[in-house]
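The structure appears below as structure tokens.
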Amino acid sequence: EIGVRLVGSEMCIRDRSGSMAESIVYSSVFGAVLASLRSVATRLVVFDTEVVDLTDDLSDPVDVLFGVQLGGGTDINRAIAYCQGHITRPADTVVVLISDLYENGIADEMLRRAAEIVGSGATMIALLALSDSGTPSYDAAHAAALAEIGVPALACTPDLFPDLMAAAIERRDISAWAAANDVRTAHQVDDD
């Protein structure tokens, strides 16, 4: 459990499209970690071209981890829209989007909605898909566009994820956290 007292909420938006197949365990572990935090109220939403809210299933981590089938297509915009409608206390909300950011929906709308979430005072982070070898795989243009509107896009290993969430909950600068922990942001990877 993260040693932070927060009366707020976390939203984990997990991409379950076919392109995330190699990253399914990675993203499921992050979702299960968020679900286990007692100091926050967690909402878990998975998506491909449809959005499924698994919040009621959070009491059974095995079902959450392995109960969702991968589908085809990706509509990140639709998932963000769904979650945006559930943000009631923006200053106390952290939205974690776990995806490769390959958007088949309306990319401009996805970016507009993400900007609205950040503009409302909520914290939003994009965790990039990792392959089994730990290599990030993602749409670099969307990662850069998200970074420009205040949504850091980074590849974080499961061992550092609790520290990342503590930094987000405490509203610390995620880019500074990434630099201090030798975690490269998508912007840094793209600049190399």
Which ones in region 108-141 are small (Gly, Ala, Ser), surrounded by fewer than 17 Cβ atoms within 10 Å (Cβ to Cβ) and either modelled with pLDDT of 85 or more or part of a helix (DSSP H, G or I) (or both)? Gly119, Ser120, Gly121, Ala140, Ala141
Given the conditions (1) open to solvent by less than 40 Å² (accessible area, probe 1.4 Å); (2) modelled with pLDDT under 80; (3) touching a Lys or Arg at 6+ places or on another chain (Cβ under 9 Å), which single one is not true for Leu70? (1)
When you go through Leu97, Leu146 one by one, which is the residue that is of a type outside the set (Ser, Thr, Tyr), touching a strand residue (DSSP E or B) at 6+ places or on another chain (Cβ under 7 Å) and assigned to a helix (DSSP H, G or I)? Leu146
Any residue in region 89-109 that's in contact (Cβ under 8 Å) with a residue 12 or more places away in the chain: show its pairings with residues that are assigned to a helix (DSSP H, G or I) and among the charged types (D, E, K, R) at Cβ separation under 8 Å, as long as the two are six or more apart or on different chains. Gly105/Arg78
If you scan region 151-176, which residues turn out to be in a loop (DSSP other than H, G, I, E, B), more than 14 Å from the chain's Cα centre (by Cα) and in contact (Cβ under 8 Å) with a residue 60 or more places away in the chain? Glu170
Of all residues in region 73-88 being closer than 12 Å to Phe47 by Cα, assigned to a helix (DSSP H, G or I) and not aliphatic (A, V, I, L, M), the one that is least open to solvent (accessible area, probe 1.4 Å): Cys83
Expected output for region 46-65 (first residue among the aliphatic types (A, V, I, L, M), partner modelled with pLDDT of 75 or more and open to solvent by 60 Å² or more (accessible area, probe 1.4 Å), Cβ below 6 Å, 6+ apart or cross-chain) is Val51/Arg78; Val51/Tyr82
Which of (1) on the phi < 0 side of the Ramachandran plot; (2) open to solvent by less than 50 Å² (accessible area, probe 1.4 Å) does Leu101 not meet, given it meets every other one? (1)
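The values are calculated or read from the model by the stated rules, or taken from the named source; none is laboratory data. The structure presented is a predicted model; accordingly, all values stated were derived computationally and were not measured. We place every Cβ from the backbone using ideal geometry, glycine too, and count neighbours over all the protein chains shown. Just so you know, the surface numbers come from the protein's heavy atoms only, side chains and all, with ligands and any DNA or RNA stripped out. Shrake-Rupley method; radii C 1.70, N 1.55, O 1.52, S 1.80 Å.
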